[in-house]
Amino acid sequence: MKTNRQLAAALFVLMFADVAADPLQPPAQVAPAKSAEQRVTSQQTATLAELSRYFFAAARTGETAVLEEFLQAGFPVDVPNEGSYTALMIAAYQGHATAVNLLLKAGADACIRDKRGHTALMGAMIKAEWGIARQLYAIDCDLENTAKATDAITDKSQMTAAQFAQKFGQSEKFKALGTQLQATAAPAAAGSAAGQP
(Lines give C-alpha, C1' and ligand atoms only; values in the text may rest on other atoms or scores of the structure.)
Protein backbone atom coordinates (compact mmCIF):
# COMPACT_ATOMS: atom_id res chain seq x y z
CA MET A 1 0.00 0.00 0.00
CA LYS A 2 2.80 2.39 0.92
CA THR A 3 4.58 1.66 -2.38
CA ASN A 4 1.39 2.47 -4.30
CA ARG A 5 1.12 5.80 -2.56
CA GLN A 6 4.76 6.62 -3.25
CA LEU A 7 4.16 5.66 -6.88
CA ALA A 8 1.14 7.96 -6.95
CA ALA A 9 3.27 10.80 -5.58
CA ALA A 10 5.84 10.16 -8.30
CA LEU A 11 3.07 10.23 -10.91
CA PHE A 12 1.96 13.56 -9.53
CA VAL A 13 5.46 14.96 -10.03
CA LEU A 14 5.61 13.64 -13.56
CA MET A 15 2.17 14.92 -14.46
CA PHE A 16 3.00 18.47 -13.50
CA ALA A 17 6.50 18.38 -14.95
CA ASP A 18 4.99 17.67 -18.40
CA VAL A 19 7.14 14.55 -18.54
CA ALA A 20 4.17 12.23 -18.27
CA ALA A 21 2.80 13.25 -21.67
CA ASP A 22 2.74 10.35 -24.11
CA PRO A 23 5.39 11.12 -26.78
CA LEU A 24 3.51 8.95 -29.30
CA GLN A 25 0.31 10.98 -28.92
CA PRO A 26 0.21 14.44 -30.42
CA PRO A 27 -0.82 17.11 -27.94
CA ALA A 28 -4.51 17.88 -27.94
CA GLN A 29 -5.48 20.89 -29.98
CA VAL A 30 -6.80 23.56 -27.68
CA ALA A 31 -8.31 26.86 -28.67
CA PRO A 32 -5.98 29.70 -27.64
CA ALA A 33 -8.73 31.49 -25.71
CA LYS A 34 -9.04 28.66 -23.17
CA SER A 35 -7.28 28.94 -19.85
CA ALA A 36 -4.85 26.35 -18.49
CA GLU A 37 -7.61 24.98 -16.26
CA GLN A 38 -9.84 24.38 -19.26
CA ARG A 39 -7.09 22.43 -21.06
CA VAL A 40 -6.84 19.81 -18.38
CA THR A 41 -8.02 16.58 -19.90
CA SER A 42 -10.45 14.26 -18.22
CA GLN A 43 -7.61 11.77 -17.74
CA GLN A 44 -5.52 14.38 -15.96
CA THR A 45 -8.53 15.34 -13.85
CA ALA A 46 -9.05 11.70 -12.91
CA THR A 47 -5.35 11.31 -12.11
CA LEU A 48 -5.36 14.44 -9.98
CA ALA A 49 -8.46 13.21 -8.13
CA GLU A 50 -6.74 9.88 -7.45
CA LEU A 51 -3.59 11.63 -6.24
CA SER A 52 -5.68 13.84 -3.97
CA ARG A 53 -7.24 10.73 -2.46
CA TYR A 54 -3.74 9.38 -1.76
CA PHE A 55 -2.73 12.70 -0.18
CA PHE A 56 -5.72 12.76 2.15
CA ALA A 57 -5.38 9.05 2.90
CA ALA A 58 -1.79 9.73 3.96
CA ALA A 59 -3.00 12.48 6.30
CA ARG A 60 -5.72 10.17 7.65
CA THR A 61 -3.25 7.36 8.36
CA GLY A 62 -0.32 9.52 9.42
CA GLU A 63 2.00 8.42 6.62
CA THR A 64 4.45 11.29 6.81
CA ALA A 65 6.78 9.89 4.13
CA VAL A 66 3.97 10.05 1.58
CA LEU A 67 2.86 13.50 2.74
CA GLU A 68 6.45 14.69 2.46
CA GLU A 69 6.70 13.39 -1.14
CA PHE A 70 3.54 15.24 -2.11
CA LEU A 71 4.65 18.47 -0.45
CA GLN A 72 8.12 18.32 -1.99
CA ALA A 73 6.47 17.81 -5.38
CA GLY A 74 4.51 21.03 -4.88
CA PHE A 75 1.12 19.64 -3.90
CA PRO A 76 -0.83 22.49 -2.25
CA VAL A 77 -0.79 21.93 1.51
CA ASP A 78 -4.11 23.69 2.14
CA VAL A 79 -6.18 22.21 -0.67
CA PRO A 80 -9.49 20.94 0.74
CA ASN A 81 -10.98 17.56 -0.11
CA GLU A 82 -14.54 17.07 -1.34
CA GLY A 83 -15.75 17.29 2.27
CA SER A 84 -14.03 20.69 2.76
CA TYR A 85 -11.33 19.29 5.06
CA THR A 86 -7.64 20.06 4.68
CA ALA A 87 -4.92 17.50 5.36
CA LEU A 88 -4.13 19.34 8.61
CA MET A 89 -7.73 18.99 9.78
CA ILE A 90 -7.73 15.30 8.94
CA ALA A 91 -4.38 14.59 10.62
CA ALA A 92 -5.41 16.53 13.75
CA TYR A 93 -8.76 14.76 13.95
CA GLN A 94 -7.13 11.35 13.52
CA GLY A 95 -4.49 12.07 16.18
CA HIS A 96 -1.36 12.01 14.00
CA ALA A 97 0.90 14.51 15.77
CA THR A 98 3.89 13.87 13.50
CA ALA A 99 1.78 14.54 10.40
CA VAL A 100 0.39 17.69 12.03
CA ASN A 101 3.96 18.89 12.70
CA LEU A 102 5.00 18.17 9.12
CA LEU A 103 2.01 19.98 7.63
CA LEU A 104 2.47 23.02 9.88
CA LYS A 105 6.16 23.21 8.96
CA ALA A 106 5.11 23.05 5.30
CA GLY A 107 2.96 26.14 5.87
CA ALA A 108 -0.47 24.64 6.50
CA ASP A 109 -2.97 27.24 7.67
CA ALA A 110 -4.44 26.09 10.99
CA CYS A 111 -7.14 28.76 10.76
CA ILE A 112 -8.89 27.46 7.65
CA ARG A 113 -12.47 26.43 8.42
CA ASP A 114 -14.41 23.54 6.97
CA LYS A 115 -18.02 23.77 5.74
CA ARG A 116 -19.22 23.60 9.36
CA GLY A 117 -16.97 26.44 10.50
CA HIS A 118 -14.52 24.13 12.31
CA THR A 119 -10.74 24.48 12.40
CA ALA A 120 -8.08 21.80 12.90
CA LEU A 121 -7.97 22.71 16.62
CA MET A 122 -11.69 22.03 16.93
CA GLY A 123 -11.24 18.65 15.25
CA ALA A 124 -8.49 17.74 17.71
CA MET A 125 -10.64 18.83 20.66
CA ILE A 126 -13.68 16.80 19.62
CA LYS A 127 -11.51 13.68 19.41
CA ALA A 128 -9.75 14.53 22.72
CA GLU A 129 -6.36 14.77 21.01
CA TRP A 130 -5.10 17.19 23.63
CA GLY A 131 -1.41 16.99 22.66
CA ILE A 132 -2.28 18.13 19.16
CA ALA A 133 -4.81 20.63 20.51
CA ARG A 134 -2.06 22.15 22.67
CA GLN A 135 0.10 22.68 19.61
CA LEU A 136 -2.74 24.17 17.55
CA TYR A 137 -3.97 26.31 20.46
CA ALA A 138 -0.69 28.23 20.26
CA ILE A 139 -1.78 29.41 16.78
CA ASP A 140 -4.40 32.01 17.64
CA CYS A 141 -7.13 31.84 15.01
CA ASP A 142 -9.49 33.89 17.19
CA LEU A 143 -7.25 36.91 17.65
CA GLU A 144 -9.74 39.42 16.27
CA ASN A 145 -12.87 37.70 17.56
CA THR A 146 -14.05 39.06 20.91
CA ALA A 147 -16.84 36.53 21.51
CA LYS A 148 -16.87 34.88 24.92
CA ALA A 149 -17.17 31.13 25.33
CA THR A 150 -20.69 31.53 26.72
CA ASP A 151 -21.90 33.83 23.92
CA ALA A 152 -24.51 32.38 21.58
CA ILE A 153 -23.09 31.09 18.30
CA THR A 154 -24.81 33.15 15.64
CA ASP A 155 -22.39 32.47 12.77
CA LYS A 156 -20.60 29.11 12.67
CA SER A 157 -17.88 30.55 10.43
CA GLN A 158 -16.98 32.95 13.26
CA MET A 159 -17.23 30.46 16.14
CA THR A 160 -14.23 30.71 18.45
CA ALA A 161 -12.39 27.69 19.80
CA ALA A 162 -13.65 28.65 23.28
CA GLN A 163 -17.26 28.64 22.05
CA PHE A 164 -16.68 25.28 20.40
CA ALA A 165 -15.23 23.87 23.62
CA GLN A 166 -18.22 25.21 25.55
CA LYS A 167 -20.68 23.72 23.05
CA PHE A 168 -19.09 20.27 23.29
CA GLY A 169 -18.48 20.22 27.04
CA GLN A 170 -14.71 20.66 26.81
CA SER A 171 -14.42 24.09 28.48
CA GLU A 172 -12.32 22.96 31.43
CA LYS A 173 -9.79 21.13 29.27
CA PHE A 174 -9.69 24.06 26.85
CA LYS A 175 -9.00 26.50 29.70
CA ALA A 176 -6.30 24.13 30.97
CA LEU A 177 -4.58 24.35 27.57
CA GLY A 178 -4.38 28.12 27.89
CA THR A 179 -3.08 27.87 31.43
CA GLN A 180 -0.43 25.32 30.40
CA LEU A 181 0.76 27.47 27.50
CA GLN A 182 0.92 30.57 29.70
CA ALA A 183 2.86 28.64 32.34
CA THR A 184 5.43 27.44 29.80
CA ALA A 185 5.67 30.85 28.16
CA ALA A 186 6.25 32.72 31.44
CA PRO A 187 9.60 31.05 32.35
CA ALA A 188 10.81 31.40 28.77
CA ALA A 189 9.97 35.11 28.77
CA ALA A 190 11.57 35.59 32.21
CA GLY A 191 14.69 33.76 31.08
CA SER A 192 15.10 35.91 27.97
CA ALA A 193 14.43 39.09 29.95
CA ALA A 194 17.04 38.10 32.55
CA GLY A 195 19.67 37.77 29.85
CA GLN A 196 19.09 41.31 28.54
CA PRO A 197 21.09 44.25 29.92
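The values are calculated or read from the model by the stated rules, or taken from the named source; none is laboratory data. All values derive from a computational prediction rather than experimental measurement. Counting neighbours? That spans all protein chains shown, and the Cβs are built from the backbone with ideal geometry, glycine included.
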Q: Those residues that are surrounded by fewer than 24 Cβ atoms within 10 Å (Cβ to Cβ) and more than 16 Å from THR47 (Cβ to Cβ), I need them from the range 64-75; list them, please.
A: THR64, ALA65, VAL66, GLU68, LEU71, GLN72
Q: Return yes when ALA133 is under 10 Å from the mean Cα position of the chain (by Cα) and of a type outside the set (Ser, Thr, Tyr) and no when it is not.
A: no
Q: Quickly run through the range 38-65 and pick out the residues that are within 15 Å of the chain's Cα centre (by Cα) and in a helix (DSSP H, G or I).
A: SER52, ARG53, TYR54, PHE55, PHE56, ALA57, ALA58, ALA59, ARG60, THR61, THR64
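Yes or no, residue by residue, for (1) in a loop (DSSP other than H, G, I, E, B); (2) small (Gly, Ala, Ser); (3) assigned by TED's automatic domain parsing to the domain that holds LYS156:
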{"residue": "SER84", "(1), (2), (3)": "yes, yes, yes"}
{"residue": "THR98", "(1), (2), (3)": "no, no, yes"}
{"residue": "HIS118", "(1), (2), (3)": "yes, no, yes"}
{"residue": "LEU121", "(1), (2), (3)": "no, no, yes"}
